[in-house]
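> Attaching a single structure in structure tokens format; questions to follow.
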Ligand code: UDX
């Protein structure tokens, strides 16, 4: 199939490269000329394990191309994926659809033959109806169908999530469009029967409902972990004990600093704004958002207790600052709130991150180091902020031989029992 991915960001680039890996001819379009020039030179603008090699292989096989020419790319393609950003409108919490509608008006001008227009961006329910209206189904009858095909890609695992999906959700009332997409996804779904055809609005809601549920699951175990701390219970035992019930499932039950990233915070708020618009109270999602927003106060309180509220002149080291391991994405990372708080309290911050220096911390009293040892040297407190593998077997004595290092493990990477045996002053979450 000839595919055009409009938007070569995280979703468009990963999905487009994977489609080309499946043998399709894909053109990834973006209005950011520098991004396209980088891609044409083999420089990948996002950190995603395995993506560089995937792109290189398919560009070499001439199945994957990059362009800024939107009209030509649309005209030459049969399936058009809309993968542009839908940022949160800070005032209303609604998803801002201006980029989606800009792209739709370009598609409208280039309907030179029948096309399946597929929305992969996370959009409010009924957006497909609005797109159909803009394209004017009466004048352009049989020239297009509008489909919802939400993505469920985790940053750091995106290629695996695409190639081994738990499900492919296709929302359309058009048999023709459904058959075309069923064929497109066949290599991924034929053995596993994971192709799910539903209505377009249902597909749009499935995306939000999935992310909101996962965010709620994480928030649930985070609140349970607070109770565990009061009862001297290890929350990881609770995660295993409840997660082994197949009705609950063991994944997304790791207690931590709270969820961040480009999706959960945005999508939970967008779902609440949709529910408000359609006068339906989603009280559970509301409390999830509130609880997660407040988790930073819990982390600040914990650090104050660990430091006995003495911060002046103290050095605090962060190992990892992104919102989770496996990504360079800083969006809604808890470090963005913790570091300024600790600087304001009078401490000096050092940090190391496997994905390099962060512009978000170009400020006094915050210093980046390109290695763990120098970052930890002479530190008073070490905060394990993300769960990178290279943080999982540290020799803390070597890291800071001079003084007794306090360790606050936000990801429960170590065993409290073993750390106690080694006389470390070790703190973690829910234990
Ligand atoms: C998420 C969804 O998983 C994915 O399906 C959707 O398409 C995009 O949003 P992503 O945001 O990349 O993916 O990361 P994810 O691995 O889901 O983690 C989200 C946040 O939850 C991170 O801050 C992570 O640290 C946190 N998390 C995740 C936990 O605190 N505990 C867990 O057990 C899992």
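> Any chance you could count how many residues in segment 378-406 are away from the ligand (no atom under 16 Å from the Cβ), surrounded by 16 or more Cβ atoms within 10 Å (Cβ to Cβ) and in a loop (DSSP other than H, G, I, E, B)? It would help to see each step written out before you state the result.
Step one: list which residues in segment 378-406 are away from the ligand (no atom under 16 Å from the Cβ), which gives 378-382, 390, 393-406.
Subset that is surrounded by 16 or more Cβ atoms within 10 Å (Cβ to Cβ): 379-382, 394, 396, 399-400, 405-406.
When the remaining residues are screened for being in a loop (DSSP other than H, G, I, E, B), the result is 379-380, 394, 400, 405.
Total meeting the criteria: 5.
> Need the failing condition index for residue 252 against (1) loosely packed, with under 15 Cβ neighbours inside 10 Å; (2) within 13 Å of the ligand (Cβ to nearest atom); (3) on the phi > 0 side of the Ramachandran plot, just the number.
(1)
> Those residues that are near the ligand (Cβ under 9 Å from one of its atoms) and more than 23 Å from residue 86 (Cβ to Cβ), I need them from segment 255-299; list them, please.
Hits for segment 255-299 are 255, 256, 257.
> Let me ask you something else. Restricting the search to segment 415-431, which residues are under 17 Å from residue 380 (Cβ atoms) and assigned to a loop (DSSP other than H, G, I, E, B)?
If the condition is that a residue be under 17 Å from residue 380 (Cβ atoms) and assigned to a loop (DSSP other than H, G, I, E, B), then 423, 424 are the ones that fit.
> Restricting to segment 308-339, name every residue that is more than 10 Å from the ligand (Cβ to nearest atom), in contact (Cβ under 8 Å) with a residue 40 or more places away in the chain and assigned to a loop (DSSP other than H, G, I, E, B).
Correct list: 314, 320, 321, 328.
> Quick one: would you say residue 302 is within 16 Å of the ligand (Cβ to nearest atom), touching a strand residue (DSSP E or B) at 6+ places or on another chain (Cβ under 9 Å) and closer than 23 Å to residue 391 by Cα? First the steps, then the outcome.
Numbers: within 16 Å of the ligand (Cβ to nearest atom): yes; touching a strand residue (DSSP E or B) at 6+ places or on another chain (Cβ under 9 Å): yes; closer than 23 Å to residue 391 by Cα: yes.
For residue 302, the condition - within 16 Å of the ligand (Cβ to nearest atom), touching a strand residue (DSSP E or B) at 6+ places or on another chain (Cβ under 9 Å) and closer than 23 Å to residue 391 by Cα - is met.
> To continue, here is another question. Being without any contact (Cβ under 8 Å) to a residue 40 or more places away in the chain and assigned to a loop (DSSP other than H, G, I, E, B) is the filter; apply it to segment 1-53 and report the residue that is surrounded by the most Cβ atoms within 10 Å (Cβ to Cβ).
30
Residue-wise test of (1) on the phi > 0 side of the Ramachandran plot; (2) assigned to a helix (DSSP H, G or I); (3) buried (at least 18 other Cβ atoms within 10 Å of the Cβ).
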site: 186; (1), (2), (3): no, yes, no
site: 191; (1), (2), (3): no, no, no
site: 214; (1), (2), (3): no, yes, yes
site: 259; (1), (2), (3): no, no, yes
site: 274; (1), (2), (3): no, yes, yes
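> Among all residue pairs at least 6 apart or on different chains, which show Cβ distances below 6 Å where the first residue, located in segment 382-393, is under 12 Å from residue 409 (Cα atoms) and the second is within 15 Å of the ligand (Cβ to nearest atom) and in a helix (DSSP H, G or I)?
Filtered contacts from segment 382-393: 384/391; 385/335.
> Restricting attention to segment 197-209, report how many residues are within 15 Å of the ligand (Cβ to nearest atom) and within 15 Å of residue 120 (Cα to Cα). Walk me through how you get there before you give the answer.
Step one: list which residues in segment 197-209 are within 15 Å of the ligand (Cβ to nearest atom), which gives 203-209.
Of the ones still in play, those that are also within 15 Å of residue 120 (Cα to Cα) are 203-208.
Count: 6.
None of the figures in this text is laboratory data; all of them are computed from the coordinates on show. Worth saying up front: this structure is predicted, and the values here are computed from it rather than measured. With ideal geometry, Cβ positions are generated from the backbone for all residues, glycine too; neighbour counts draw on all protein chains shown.
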